[in-house]
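Data first, discussion second: the structure below is written as structure tokens.
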Amino acid sequence: MKQKSLLKHGEKLVPWLAGAGFAVSHIITSSNCTIPKQGRCSTCGGCVVGLAAIVAWAVHKKKHGNGIYDDQSA
Amino acid sequence: MTTKAREFNRALYLTGVMLLISADAQAGLTGQLEATLESNNSQFDSESSLEERLDLFYQNVDDGLSANLSLVMAQQSGNDEAELYQLYLQQDMNDSADQISLGRFFRADTLGYYSLDGVQYRHRADKLIMSLYAGVPGRIEAFRSIDADTLYGVNLQTLPVYIIDYEMDANLGWQRLEQDSHEQRYHFGWRANSDNETNRPLPAAVSMSASYVEESSQWEAVQIKTRWDLEEDDTLRIDYETYEPASNELSFRDQFYSLYARGNQTQFKAAYQFDYDYQQTWSMAARRVNREYGGSGYAGVLAVEQRSSKGLLFAVKAEQLKLQSERVASLFLDVDKTLGPSVRGGVSGVIQQQQKQLVGDNRSLGIELYLEHMVSVNALPSDLHFNFTASHIWNSRLEDEYRMLLSLGYSFGGAKQGMLQ
């Protein structure tokens, strides 16, 4: 019973954590990326994390519905 | 921008993204996240920029409450920015007859496109919409700034009325900018159009608008436009306009389009357009141009557009401009293709010969490619979209120019790309 409740709380937390992850990766990329400053990539990987997160979110939403083209899949 | 303001805007970004992802459309929240990487040398110096943009909308139809947050974090020319574009609350009252907006919001009028930190009230009556606004005007990146401490004004817009086959509306505005001194502007506008073909030879559409600046006793942004439907497929337009471009950044097409000028210009234009068939349209135009910088002269344009039933658009345009000390001849080519339900692409090309006093005889060749793709997930288009644009201009007597833009965005809760711009 307790485990079920924890799982439920965990599920509620996931979108907030995902949102925080998205935003933090974007903030880090937009403030620390060396390409606009020095014209070269320092391979920090911030942009990869940010972009991977957005692609992963698109796959997740498509899989679980709520996409704008959902009616086409019916 | 102060460090505190930047950190505050970043905190807003963090909160906005968390809200957007956790609440989604069910709570009335929609929005868009977009990352853009751009590299160019079009401002006479090569530079790259990275931009992360968030647009967030909240709407509660039952309570008539809506809100918008729009902000951009960017790195450009070594500067680290987090700029708040919009943050406002909007409340509809009395069955939407009254509306009040509070915060930072965009406005567009003869001053250009700008943000206003303040309040706007709109009242809709049976035949009239009245709006009052007051606040501190701000600057939007790449657009001309408004140099004033406060701005306030009132605008009256009539709802359409029908007078002898014509649908007409008008607007009247007053605006005051305050700084060390003040500047007052009066706006006038009137439009009439008719679908009734028996009105020939009267124009099918007429519109006039202008602003008058009291302190300098000057008219600005004067526009008189007429449209005459000569036959079923033939249209003649005769226009007169004066304007000053609001943006300093020109698009790929604009920088070749010799009628775009930095500074004031006046032009008188007559354009004739006819549809050869439902897929092919021909047009020709002649202009008399008077410029603040570069003198006056004439321009002529001949263009043809061909559409195919398979989503292909093919356009060719030839233009010749002759000003006092300047002669420009251009040939444009555009191909635009819808490649599928989620992919669109196109290529533009231009050949131009310029004879200018400062530059001499410069020949240019420019090419631009673009691709827009709604990324597929599980074989269906998703809310994820991808844009790519690249252009290169080879000049014989000037520095070559290039621009590359790459963007990836995601629309939350059905907010479509472009809708939030």
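The values are calculated or read from the model by the stated rules, or taken from the named source; none is laboratory data. Everything quoted here is computed from the prediction, not taken from an experiment. Don't worry about glycine lacking a Cβ; one is built from the backbone with ideal geometry, like all the others, and counts go over all protein chains shown. Surface areas here come from the heavy atoms of the whole protein model, side chains and all, with no ligands, DNA or RNA. Shrake-Rupley method; radii C 1.70, N 1.55, O 1.52, S 1.80 Å.
In order along region B:204-214, phi translates into HN-Hα couplings of 7, 8, 9, 9, 9, 8, 6, 10, 10, 9, 5 Hz, rounded to whole numbers, per the Karplus curve 6.51 cos²θ - 1.76 cosθ + 1.60 with θ = phi - 60° and x for Gly and Pro.
If you take all other residues with their beta carbon under 10 Å from the beta carbon of B:Leu312, and give Lys and Arg +1 and Asp and Glu -1, the sum is +2.
Pairing chain A with chain B buries about 3100 Å² of accessible area. This figure sums both sides and uses a 1.4 Å probe. Couplings 3J(HN,Hα) of region B:359-366, computed from phi: 9, x, 9, 10, 10, 10, 10, x Hz, in residue order, whole Hz [Karplus 6.51 cos²θ - 1.76 cosθ + 1.60, θ = phi - 60°; x for Gly and Pro]. The mean number of partner chain beta-carbon atoms within 10 angstrom of a residue's beta-carbon across peptide B:8-14 is 3. Taken about its Cα centre, chain B carries a charge dipole of about 780 debye when Lys and Arg each add +1 at the Cβ and Asp and Glu each add -1 at the Cβ.
Taking amide H atoms as placed 1.01 Å from N in the peptide plane, the amide H of B:Leu230 lies under 5 Å from those of B:Thr235, B:Leu236, each 5 or more residues away in sequence or on another chain.
Sort B:61-72, B:228-239 by packing, meaning the average of other beta carbons within 10 Å per residue, with the highest value first.
B:61-72, B:228-239
Net charge dipole, the protein assembly as shown: roughly 1280 debye, given to the nearest 20, about the Cα centre with Cβ charges of +1 for Lys and Arg and -1 for Asp and Glu. Between B:Tyr85 and B:Ser70, B:Leu71, B:Val72, the built amide H atoms are under 5 Å apart, and every one of these is 5 or more places off in sequence or on another chain. For region B:111-124, putting each phi into the Karplus relation 6.51 cos²θ - 1.76 cosθ + 1.60 with θ = phi - 60° gives couplings of 6, x, 10, 8, 9, 10, 8, x, 9, 9, 10, 10, 10, 10 Hz, in residue order, rounded to whole numbers and with x for Gly and Pro.
Restricting the chymotrypsin sites (Phe, Trp or Tyr not before Pro) of region B:39-96 to loop positions (DSSP other than H, G, I, E, B) with no more than 16 neighbouring Cβ atoms within 10 Å leaves B:Phe44. Considering only alpha-carbon pairs that sit under 8 angstrom and 6 or more positions apart, the relative contact order computed for chain B is 10 percent. Sites listed here are chymotrypsin sites (Phe, Trp or Tyr not before Pro) in region B:257-333 whose DSSP assignment is loop and whose Cβ has at most 16 other Cβ atoms within 10 Å: B:Tyr260, B:Tyr278, B:Tyr293. Around the amide H of B:Asp165, modelled in the peptide plane, lies no amide H under 5 Å away from a residue 5 or more places distant or on another chain. The helix-based estimate of mean residue ellipticity at 222 nm for chain B, built from -39,500 (n - 2.57) per DSSP H run of four or more residues and divided by its residue count, is -2000 deg cm²/dmol to the nearest 500.
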